[in-house]
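The block underneath contains the structure these notes are about, expressed in structure tokens.
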Amino acid sequence: MEPEHQFDRKPVHTAFACVVAVGAAVGFGHLAAGIIEPHASPLLAVGSAVIDVTPAPLKEFAIRQFGEDDKVVLLSAIGALLVLLAAFAGIAARRSMLPGMLLIVALGSLSSIAVVSRPTFTPVWLTPTAISIIAGVAAFWWLHRTAVVVTVPPRREQALTRKTWDIPGVGRRTFLVSSAIIAVSAGAAGVGGRLAEQRAGVQNERAALKIAPDRPAPPIPANADFLTDGTPPFITANSDFYRVDTALTLPQLRADTWRLRIHGMVEREITLTYDDLLARELIEKTITLVCVSNEVGGPYISTANFIGVQLAGILREAGLDPRADQLATTSSDGWTCGTPVETVMADGSNALIAIGMNGEPLPIAHGFPVRMVVPGLYGYVSATKWLVDMEVTTFAAFTPYWVRRDWAERAPVKTMSRIDRPRSFARVPRGRYTAAGIAWAQHTGIDRVEVRVDGGPWRDADLSREVNVDTWRMWRIELDLPPGDHRIECRATDRNGYTQTEERVPPIPDGATGWHTVAFSATD
Ligand SMILES: Nc1nc2c(c(=O)[nH]1)N[C@H]1C(S)=C(S)[C@@H](COP(=O)(O)O)O[C@H]1N2
Ligand SMILES: [Mo]
């Protein structure tokens with residue numbers, strides 16, 4: 001005889017249930033982290049762990065493709081993967097809730113491993129993950145239970161349908177309402193976590209600080225850039241300054257509790273407070289910062305007036321062991337960096353322990369309250385943001401973050417140049433046209449920039465007024481363009497007489513080389 005009715009679940013419902021449950025796990029975990037410790041968010045910890053284990057060439061690719069949106073792309077990719085996994089586990093959980101539960105617990109365990117792997121981990125950081133697992137399990141248990149639909153043989157359908165929806169806690173209506181409530185509260189929890197994180201932030205404290213140098217940098221002369229011809233402004237506004245780091249959550253360090261311990265191969269350890277820095281002579285230096293990941297023609301170069309204390313003076317007070325060759329620095333979130341002692345201690349080095357940028361306290365994204373700036377070296381070997389520890393050591397004894405990931409131990413900035421106008425594939429009027437761009441040879445100075453069109457003879461470009469050897473220099477050149485497609489190239493020569501090589505090498509391991517080339521066309 002035909003059964004009167006059957007209890008069943010539709011795969012689309014259990015898949016949906018599992019996606020919502022995983023969403024609840026992520027959202028509530030993030031909320032708990034926002035209250036307890038932002039870096040302990042299961043989602044962000046997994047993201048940070050992924051950043052740490054991604055092979056350098058892939059990371060290189062990601063930075064190239066997505067630029068400063070790399071972090072958004074990473075989190076979106078993790079989100080998409082979670083939805084996919086949850087949907088599959090949900091489909092498999094049509095009869096038994098086990099596959100969905102297993103997935104939630106497995107993801108929770110993975111997050112715990114990620115949380116524990118964070119450099120500054122403490123045990124309370126596991127609380128958000130525990131809450132996340134509980135939220136996910138509870139949500140899936142309930143939704144799986146309410147996802148039951150009752151099917152009845154067709155001929156009895158009319159008689160029984162009404163009744164089946166009356167079974168308490170079961171049926172489409174309960175399922176949909178529960179799903180909606182859980183999904184909305186998970187979203188609210190996620191947003192709440194973000195707000196809690198921001199409330200714990202230090203932007204108000206930062207805004208209240210005033211920083212004035214004792215020795216200001218000389219004013220930037222008007223002819224230091226060729227802005228109207230298409231170069232960047234000489235000084236990059238803080239909001240436009242390029243940003244590259246591994247921080248998914250910006251460290252929020254208070255200036256009044258900040259400490260820097262200088263130790264290792266020194267005669268006397270020194271611990272500095274923010275007030276100690278303010279009490280010293282604050283100097284202002286105009287410095288260009290470049291990222292080793294910058295491709296030929298790339299955007300990861302900016303210039304600012306940095307305010308800070310001369311690093312060499314502090315190290316001299318500490319008394320350096322002559323055998324020390326590396327300055328190992330650590331940020332509050334555990335990123336590490338190794339800088340050659342000889343660069344920092346060289347005569348005329350403008351290496352700074354910096355607290356200000358363009359007249360303001362350092363922006364939080366650029367290292368508030370204190371960072372390092374060492375002209376002449378790529379950022380990953382010199383420019384530690386959220387600086388909290390400085391150990392005088394040797395290259396043999398310590399291998400920093402990026403060097404462990406195949407980037408070079410030493411990385412002076414290479415002499416390079418870039419074309420800013422015309423842009424790739426621009427259509428420009430034929431005849432007289434001014435091309436312009438930038439060149440840099442940090443701590444050496446630019447001597448000359450040459451430009452050629454369509455493989456013709458190299459011609460010298462005009463150079464802007466030099467501000468100092470630690471900054472970029474702008475160039476421009478007047479061209480006379482016949483109509484048609486063209487190709488423009490530039491190359492810089494520095495004060496050592498070195499002309500940048502044509503050979504194209506990728507950024508890894510110690511910086512890209514090659515002439516920047518732009519294809520464009522001139523029209524009537
Ligand atoms: N704490 C910390 N400092 C860091 C990094 C980082 O990932 N974490 N990245 C470095 C790199 S690779 C560069 S190029 C510079 C970029 O500094 P900016 O973001 O202020 O431009 O910071 C350096 N300092
Ligand atoms: Mo960098």
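Data for the structure
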{"quantity": "Considering residues of the stretch 249-264 that are open to solvent by less than 30 Å² (accessible area, probe 1.4 Å) and not in a strand (DSSP E or B) only, the residue nearest to L209 (Cα to Cα)", "calculated": "A255"}
{"quantity": "Filter pass, F28 being touching a residue at least 12 places away in the same chain (Cβ under 8 Å), open to solvent by 40 Å² or more (accessible area, probe 1.4 Å) and assigned to a strand (DSSP E or B)", "calculated": "no"}
{"quantity": "Residues of the stretch 40-62 satisfying the condition of being free of Cβ contacts under 8 Å to residues at least 12 places away in the same chain and either open to solvent by 40 Å² or more (accessible area, probe 1.4 Å) or in contact with a Gly (Cβ under 7 Å, 6 or more places away or on another chain) (or both)", "calculated": "V53, L58, F61"}
{"quantity": "Qualifying position, being assigned to a helix (DSSP H, G or I) and within 19 Å of P38 (Cβ to Cβ), among T129, T120", "calculated": "T129"}
{"quantity": "Those strands (runs of 3 or more DSSP E) lying entirely in the stretch 298-405 with at least 2 residues modelled with pLDDT under 95", "calculated": "none"}
{"quantity": "Count - residues of the stretch 265-284 that are hydroxyl-bearing (S, T, Y) and in a loop (DSSP other than H, G, I, E, B)", "calculated": "0"}
{"quantity": "Subset of the stretch 285-296 [within 16 Å of ligand 1 (Cβ to nearest atom) and not in a strand (DSSP E or B)]", "calculated": "C291, V292, S293, N294, E295"}
{"quantity": "Residues located in the stretch 68-93, provided they are open to solvent by 80 Å² or more (accessible area, probe 1.4 Å) and not aromatic (F, W, Y)", "calculated": "E68, D69, V72, L81, L84, I91"}
{"quantity": "Within the stretch 367-396, considering residues that are of a type in the set (F, W, Y) and away from ligand 2 (no atom under 16 Å from the Cβ), the one nearest to M416 (Cα to Cα)", "calculated": "F395"}
{"quantity": "Single unsatisfied condition, R404 versus (1) surrounded by fewer than 21 Cβ atoms within 10 Å (Cβ to Cβ); (2) within 29 Å of F121 (Cβ to Cβ); (3) away from ligand 2 (no atom under 16 Å from the Cβ)", "calculated": "(3)"}
{"quantity": "Residues (on the phi > 0 side of the Ramachandran plot and touching a helix residue (DSSP H, G or I) at 6+ places or on another chain (Cβ under 8 Å)) located in the stretch 315-366", "calculated": "N358"}
{"quantity": "Those residues of the stretch 191-247 which are β-branched (V, I, T), within 16 Å of ligand 1 (Cβ to nearest atom), open to solvent by less than 40 Å² (accessible area, probe 1.4 Å) and in contact with a Ser or Thr (Cβ under 8 Å, 6 or more places away or on another chain), in sequence order", "calculated": "T236, T246"}
{"quantity": "Evaluation of Q65 against (1) touching a Pro at 6+ places or on another chain (Cβ under 9 Å); (2) open to solvent by 60 Å² or more (accessible area, probe 1.4 Å) (one fails), failing number", "calculated": "(1)"}
{"quantity": "Scope the stretch 101-130; condition small (G, A, S), within 17 Å of A21 (Cα to Cα) and open to solvent by 30 Å² or more (accessible area, probe 1.4 Å); matching residues", "calculated": "A106, S109, A130"}
{"quantity": "Condition met for I35 (in a helix (DSSP H, G or I) and either under 30 Å from F175 (Cβ atoms) or open to solvent by less than 70 Å² (accessible area, probe 1.4 Å) (or both))", "calculated": "no"}
{"quantity": "Check on T415, more than 15 Å from ligand 1 (Cβ to nearest atom), crowded, with 24+ Cβ neighbours inside 10 Å and either among the β-branched types (V, I, T) or in contact (Cβ under 8 Å) with a residue 60 or more places away in the chain (or both)", "calculated": "yes"}
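The values are calculated or read from the model by the stated rules, or taken from the named source; none is laboratory data. Quantities reported herein were computed from a predicted structural model and do not represent experimental measurements. With ideal geometry, Cβ positions are generated from the backbone for all residues, glycine too; neighbour counts draw on all protein chains shown. Please note that ligands, DNA and RNA were not included when accessible areas were found on the heavy atoms of the full protein model with its side chains. Shrake-Rupley method; radii C 1.70, N 1.55, O 1.52, S 1.80 Å.
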